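Data block below; observations after.
The values are calculated or read from the model by the stated rules, or taken from the named source; none is laboratory data. Worth saying up front: this structure is predicted, and the values here are computed from it rather than measured. Neighbour counts run over all protein chains shown; Cβ positions are idealised from the backbone, glycine included.
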Amino acid sequence: MKAMVAVAVGGALLAGGLALSVGEVWGDAKAEASFEDEVKDLRKDMAFFMTPAGAYVAVAQTEAKNHVFFGTGRELYRQRVLISSIDDEDDISILFWAPNHARDGAVESDGQDWSLRCGEKSVRLAPVDSDERDVMVATAKFHERRFQRAPYVLARNDRGEYFYVDRGAGPSKTSGFHLYLGRSGKVTKRKLRWVVSDSEGDVFATKRGELRVKRDETGDPAIAWKPRGGKKRAVTPLLTVPIGQNSLLIYKELGVYENQRFGTPCDSDTEKAN
């Protein structure tokens, strides 16, 4: 087993052990505010690669963490780097958020060649020549993450119907909640009549009823559904479904984000950028 020789956690470079670089969380206001300045510093050290489908991957490595961007030659979007590693033979692996793949995605190097892995599939990345690289460094526009929503609540009843809420996240400042109801693959977005969201919990009201979320001192939710129809309609407790353990269900199986491009190199089997 190869030994890991560098560790970067939360921006601090450590020696020895496993090499880790923890990615940012959604909505880090400080990170978003400094994005333009950060990109200016990263441009000069970026390496550019082309996928077999003609899209581009840009990698910039710093002591604190690794950065990955993806897109066309003119527009590239930052990827949410989850963890990165380098071993004593200079093999590099940069794992990034790719919600439609069980193992996420990764940009990897064996010390000479670079590749893109999406789930179980891996394709070789072709280095961009120096002239094209200089043009891209000078003219390409870099953006924060393309996908601007994040899961908030996921639950289901004993009939297999899901109750899913997401909200805006990232620099777009679109903070509105969306509510989806239905069985997996057939969920539909419901119009919210009003919303209450505070430290004690949430209420999402639709014409059909109210999704109620209460939180205890640990932040764990107790979720229930109150059908519309007066006091005689019973409140039904729901089973809370952990968001972190159900990424494929949320992003691929429910149908909420059907045909949605997340702006990652693993959006499809052809790794297109559009």
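Mind checking which residues of the range 71-89 are among the hydroxyl-bearing types (Ser, Thr, Tyr) and under 13 Å from the mean Cα position of the chain (by Cα)?
Within the range 71-89, the subset among the hydroxyl-bearing types (Ser, Thr, Tyr) is 72, 77, 84-85.
Matches in the range 71-89: Tyr77 only.
Do we find that Gly111 is among the small types (Gly, Ala, Ser) and under 27 Å from Leu248 (Cβ atoms) in this structure?
So Gly111 fails the test.
With Phe70, Phe96, Phe35 as the choices, which residue is within 25 Å of Arg167 (Cβ to Cβ), at pLDDT 75 or above and surrounded by fewer than 17 Cβ atoms within 10 Å (Cβ to Cβ)? Outline the logic, then answer.
On the way: Phe70 fails: surrounded by fewer than 17 Cβ atoms within 10 Å (Cβ to Cβ); Phe96 fails: surrounded by fewer than 17 Cβ atoms within 10 Å (Cβ to Cβ).
None of the other options fit; the residue is Phe35.
Within the range 188-204, work out how many residues are farther than 17 Å from Glu161 by Cα and in a strand (DSSP E or B).
If we filter the range 188-204 for residues that are farther than 17 Å from Glu161 by Cα, which is where we start, we get 191-203.
Add one more test, that the residue is in a strand (DSSP E or B), and what stays is 194-198, 201-203.
So the answer is 8.
When only residues in the range 205-254 that are among the charged types (D, E, K, R) and loosely packed, with under 11 Cβ neighbours inside 10 Å count, which is modelled with the highest pLDDT?
Restricting attention to the range 205-254, the residues satisfying the condition of being among the charged types (D, E, K, R) are 207-208, 210, 212, 214-217, 220, 226, 228, 231-233, 252-253.
Add one more test, that the residue is loosely packed, with under 11 Cβ neighbours inside 10 Å, and what stays is 207, 216-217, 220, 231-232.
Details: Lys207: 94, Asp216: 82, Glu217: 80, Asp220: 80, Lys231: 64, Lys232: 65.
The qualifying residue modelled with the highest pLDDT is Lys207.
Say whether the condition of being aliphatic (A, V, I, L, M), part of a strand (DSSP E or B), closer than 30 Å to Leu76 by Cβ and in contact (Cβ under 8 Å) with a residue 60 or more places away in the chain is met by at least one residue in the range 131-148.
First pass over the range 131-148, keeping only residues aliphatic (A, V, I, L, M): 135-138, 140.
Next cut, part of a strand (DSSP E or B) only: none.
Within the range 131-148, not a single residue is aliphatic (A, V, I, L, M), part of a strand (DSSP E or B), closer than 30 Å to Leu76 by Cβ and in contact (Cβ under 8 Å) with a residue 60 or more places away in the chain.
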